[in-house]
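The values are calculated or read from the model by the stated rules, or taken from the named source; none is laboratory data. Computed from a predicted structure; not experimentally measured. Ideal geometry is used to build each Cβ from the backbone, glycine not excepted, and the neighbour counts take in all protein chains shown. Heavy atoms of the whole protein, side chains included, go into the accessibility calculation; ligands, DNA and RNA do not. Shrake-Rupley method; radii C 1.70, N 1.55, O 1.52, S 1.80 Å.
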Amino acid sequence: MKKTILLTVFLFIGTYVNSQNITAKLIDKNNETPIPYATIKTGKFSGVISNEEGYFSFNLEDIKTKTVTISCLGYQSKILDIKTIKTLNYIIPLEAAINQLNEVYISNKRPNIDSIMARVKARLDENYDMDLNKYNIFYRGTEYADFKNLDIEVEKASHVKSKNLKKANKSLDSLSKYVVDSNIIDFSDFKGELLSLDKDSSKLIVNKATKLIDHKNNFSIDAVQEKAQTLLLKYLDTTKTYKLKTGIFKIEDSLSLKGEDLKGNEKNEYDIPHLKGITSSLLRKSMFVDNTILITILNPKLYNYTLENVSYNNNDIIYTVSYKPRKGKAKYTGKLFISDENYAVIKVDYKYYGSRHGQKINLKLILGVKFINNVSEGTYIYEKNDEGKYHPKYIKEAEGSYFYVNRDLKLIENSREKNKTGFSFKIEGEDRYKKELLFTDINDITLQDFTSINQEKVVPFTMLKAFEKTIWQDEETIEPLEEMKQFKSDE
């Protein structure tokens, strides 16, 4: 009887807790495809964004009114109460906004694209305000690595027994196959406050942080090389020390050099200045200031513009303008969404145009190194406050690179004989980094408010081996993608 009562109480509590958190999905009414980056307002300046798969979540306690407002460029806005969302089985269809490009309105003339872009530039200072603000933020960083090729082989080791040499190469071959076959991905989340003095100065307060990572599959080029060196050293004389170009490795206990054993010495802490650098850089990139992608895109000497569409969003006429390079040094293509009311850019999409790319280093024949930044894309979405000023609501930035490294390394025994073990290390692959920043609230601050904040140096984070919905379910965050929900660390 006692167990039955406890079970009933447990189920009641579980139902109550889950009922406080709503997860729903936005789809196109016509084709049922997911709708990403829609704004779901739970209050005047609070709310979340639908993720790339159309999903969003919010806590019922965050709703300042009895309804939520859903809006997305290209779709008709919707105001729904919680009961209606439940009736829809948490699948919310949105209808496409009517294309108005060929209809006559206001002046009976088709808008002039050059005039639109000139007004956008002229009103930048009037439309955007990035000084002395406190942003409540949620950040998610996702890192991917895809190793296409990995070859590690001992080439010269006359002082090593033949059977040990075979064992070493067999172990190195197993490591190579494991790394290439591994699904290498990790996630970093944190929530806090970003205080902006101006475009160049900011401070960060982190209130909560997590990291979702599989240490067994946590590889970088240096990490792979270190694992290969550790494997190789196991088959050498462990009473000796060995010198490498990168340092000296002393083998008192061969097991002590295993990467898995060293993990226990790492602290579960984020470096706050590093996190501040990431978030403040994203914020600055969302400003129309010198040396940003956005201000470059607005340069008519570098880009050609085409008016693609005129539609409505929240009773405002929106111009959809596509752009592509006019000259060789321009790199991007994408779309600008511009308000007819005040010529503010309310959304930007960008990516590399054609085969254009960023930094490139090709010293493959000389130094065995090649690198090319071949992915750069992003989205900026803005929201207007009571004073008519626009601030970022959501920022996404994705960067990716191809890399190739071919090194010939030597372990030199620190002895009279100076025995040498030479091995080759060739690695090729691609990496990708995605950074997302959601702004859940914004408030004005004074100079005194800014100067009174002492930014900490580190912040502890909760290490996760699998996705746990309860960690963030009571917070305004970005709903995780399926790849994150399915993530599980290998034991």
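Of all residues in region 385-399, those satisfying the criterion of being surrounded by fewer than 18 Cβ atoms within 10 Å (Cβ to Cβ) and out of contact with any Asp or Glu (no Cβ under 6 Å at 6 or more places or on another chain) are 385, 386, 387, 388, 399. Within region 462-480, residues that are on the phi > 0 side of the Ramachandran plot and in contact (Cβ under 8 Å) with a residue 40 or more places away in the chain reach no partner that is surrounded by fewer than 21 Cβ atoms within 10 Å (Cβ to Cβ) and outside any strand (DSSP E or B) with beta carbons closer than 6 Å at six or more positions or on different chains. A Cβ distance below 9 Å, combined with a sequence gap of six or more or placement on separate chains, defines the contacts here; from region 72-90, residues that are within 19 Å of residue 33 (Cβ to Cβ) and outside any strand (DSSP E or B) reach residues that are open to solvent by 60 Å² or more (accessible area, probe 1.4 Å) and at pLDDT 90 or above in the pairs 76/95. Being among the basic types (Lys, Arg) and either out of contact with any Lys or Arg (no Cβ under 8 Å at 6 or more places or on another chain) or modelled with pLDDT of 90 or more (or both) is a property that holds for residue 41. The condition of being more than 28 Å from the chain's Cα centre (by Cα), modelled with pLDDT under 80 and exposed (fewer than 14 other Cβ atoms within 10 Å of the Cβ) holds for only one of 252, 266, that being 252.
Residue by residue, here is whether (1) farther than 30 Å from residue 343 by Cβ; (2) under 28 Å from the mean Cα position of the chain (by Cα); (3) assigned to a loop (DSSP other than H, G, I, E, B); (4) β-branched (Val, Ile, Thr) holds:
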position: 392; (1), (2), (3), (4): no, yes, no, no
position: 398; (1), (2), (3), (4): no, yes, no, no
position: 404; (1), (2), (3), (4): yes, yes, no, no
position: 407; (1), (2), (3), (4): yes, no, no, no
position: 410; (1), (2), (3), (4): yes, no, no, no
position: 418; (1), (2), (3), (4): yes, no, yes, no
position: 424; (1), (2), (3), (4): yes, no, no, no
position: 429; (1), (2), (3), (4): yes, yes, no, no
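Looking at region 148-169, is at least one residue under 25 Å from the mean Cα position of the chain (by Cα) and either hydrophobic (A, V, I, L, M, F, W, C) or part of a loop (DSSP other than H, G, I, E, B) (or both)? No. Within region 359-384, being surrounded by fewer than 15 Cβ atoms within 10 Å (Cβ to Cβ) and assigned to a loop (DSSP other than H, G, I, E, B) holds for 359, 364, 365, 366, 367. Of everything in region 203-232 that is farther than 30 Å from residue 467 by Cα and open to solvent by less than 20 Å² (accessible area, probe 1.4 Å), the residue that is modelled with the highest pLDDT is 228.
Filtering region 170-199 to residues that are at pLDDT below 90, within 30 Å of residue 277 (Cβ to Cβ) and not aliphatic (A, V, I, L, M) leaves 182, 183, 199.
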